[in-house]
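Note sheet for the following structure.
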Amino acid sequence: MAIMLNNITTFLFFLLVNSLLFYSIQSLARPRNPNSLILGLTPASRASLPTHPKASTSSRKKLTDVLDMMEPLREVRDGYLISLSIGTPPQVIQVYMDTGSDLTWAPCGNLSFDCIECDDYRNNRMMTSFSPSHSSSLHRDSCASPFCIDVHSSGNPLDPCTMAGCSLSTLVKATCSWPCPPFAYTYGAGGVVTGILTRDTLRVHGRNLGVTQEIPRFCFGCAGSTYREPIGIAGFGRGALSLPSQLGFLRKGFSHCFLAFKYANNPNISSPLIIGDIALTSKDDMQFTPMLKSPMYPNYYYVGLEAITVGNVRATEVPSSLREFDSLGNGGMLVDSGTTYTHLPEPFYSQVPCQNNSILTGDLLPSITFHFLNNASLVLSQGNHFYAMSAPSNSTVVKCLLFQSMDDGDYGPAGVLGSFQQQDVEVVYDMEKERIGFRPMDCASAASFQGFNKT
């Protein structure tokens, strides 16, 4: 989720800007074709790259023509990856599916992309990047674009326009012919992404995986430098920049069913991501809770948590901040597929029964139930909240409770429902009725039934 960063990250941002400027100079110095991506704000770069291309005469679908989508999600150790097919000819980029942010972005340039403090991912095959110069349909977004206005109007203190002291209303005008200036996008865990907005053709699946739909002029960030963000992200928030918003699905909804952790890195089965009307059908037995509207972060999905039951013991005094917002907009429980574990505020986190009972015998694991507003309850499967830290010894195994305390519970959301606790649960985002539904489900069986496994 995009929020302000601390002073240390602010200092690192200047390193990222220098890296981005270096990438811009290198790009301008290389031979290029007329349609290649140019990083830079000089008049020459504007002349080399059209920002208002002529409408295509090919039989490609408009955004409003997309009816339903089914996309496979690949489970990895810290999230779920969606494959984006972008460009002409298509380039397949794997990025995280994230309901806690809006911007869709991809690392750009095989050699020029730079990620600071990403040593753990240096040789990771998931680090796929997009090559702008290899796509004939790519062009840079204009500063008159509503997406450009959106990416520069978040109040982010690290935004280049904000740091330069320029007024957005002065910079962005209806008659503006300049390319959209570089942006800086920040995440709650401290990550930073710097790049430029681009548009290109996106290809998505239809009602089944054998049908492909072509979406022209899809807007995404082409990142030249990042801090602690080695892999791209597909934003599934409620803002204009998000992937479902650009495709017109925020008037409908979407659902996902995350596979259990044991399927991580298994190439033969994928988690189902269903987008459109088909995501909302046959949900009579699903328990729904209202979406709460955060005045601080209106683009994200919040629910209200009333209580947590561990076994037969109900947690004491669930703070009201987990189900309502204060006068500044802090509070609520964020539903975030981009956060691995569920976070709870202190001192409530330390008061959850079994928090200190880490040594458990046999299968005597207490059930954990989340109670949301509107009498909606979600019973977590045992694999969602306890994790074995070692092999059993004398019928005893040490297991950890997979919850964490909020680092800054007084600012932003009071809690987060992470992706690990959403495993083997069908989660439905009903945008028309402004509600989120939960239903325990064997997601592996659902994936097999819907054709998301390889036989």
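Quick rundown of the values:
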{"read-out": "Flag if Arg217 is in contact with a strand residue (DSSP E or B) (Cβ under 9 Å, 6 or more places away or on another chain), assigned to a strand (DSSP E or B) and on the phi > 0 side of the Ramachandran plot", "value": "yes"}
{"read-out": "Total residues in segment 98-117, condition of a type in the set (S, T, N, Q), under 13 Å from Val193 (Cα atoms) and either out of contact with any Leu (no Cβ under 7 Å at 6 or more places or on another chain) or free of Cβ contacts under 8 Å to residues at least 12 places away in the same chain (or both)", "value": "1"}
{"read-out": "Selection within segment 81-105 - part of a loop (DSSP other than H, G, I, E, B) and farther than 24 Å from Asp430 by Cα", "value": "Gly87, Thr88, Pro89, Pro90"}
{"read-out": "Top-ranked residue of segment 189-247 - restricted to ones that are among the charged types (D, E, K, R) and over 18 Å from Tyr96 (Cβ atoms), ranked as surrounded by the most Cβ atoms within 10 Å (Cβ to Cβ)", "value": "Asp200"}
{"read-out": "Residues that are open to solvent by less than 10 Å² (accessible area, probe 1.4 Å) and of a type in the set (Ser, Thr, Tyr), drawn from segment 319-346", "value": "Ser337, Thr342"}
{"read-out": "Residue that is nearest to Leu292 (Cα to Cα), among those in segment 366-390 that are at pLDDT below 85 and in a strand (DSSP E or B)", "value": "Phe386"}
{"read-out": "Condition check for Thr88: crowded, with 19+ Cβ neighbours inside 10 Å and at pLDDT 90 or above", "value": "no"}
{"read-out": "Residues that are open to solvent by 10 Å² or more (accessible area, probe 1.4 Å) and hydroxyl-bearing (Ser, Thr, Tyr), drawn from segment 248-274", "value": "Tyr263, Ser270"}
{"read-out": "Any hit, segment 286-295, residues being of a type in the set (A, V, I, L, M), at pLDDT below 95, open to solvent by less than 20 Å² (accessible area, probe 1.4 Å) and in contact with a Ser or Thr (Cβ under 6 Å, 6 or more places away or on another chain)", "value": "no"}
{"read-out": "Test result for Ala391, open to solvent by 60 Å² or more (accessible area, probe 1.4 Å), among the aliphatic types (A, V, I, L, M) and out of contact with any strand residue (DSSP E or B) (no Cβ under 6 Å at 6 or more places or on another chain)", "value": "yes"}
{"read-out": "All positions within segment 347-365 that are touching a helix residue (DSSP H, G or I) at 6+ places or on another chain (Cβ under 9 Å), crowded, with 16+ Cβ neighbours inside 10 Å and at pLDDT below 85", "value": "Leu365"}
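The values are calculated or read from the model by the stated rules, or taken from the named source; none is laboratory data. As the structure is a prediction and not an experimental result, all values here were calculated from the model. Glycine gets a Cβ as well: all are built from the backbone with ideal geometry, and neighbour counts include every protein chain shown. Surface accessibility is based on the protein's heavy atoms, side chains included, excluding ligands, DNA and RNA. Shrake-Rupley method; radii C 1.70, N 1.55, O 1.52, S 1.80 Å.
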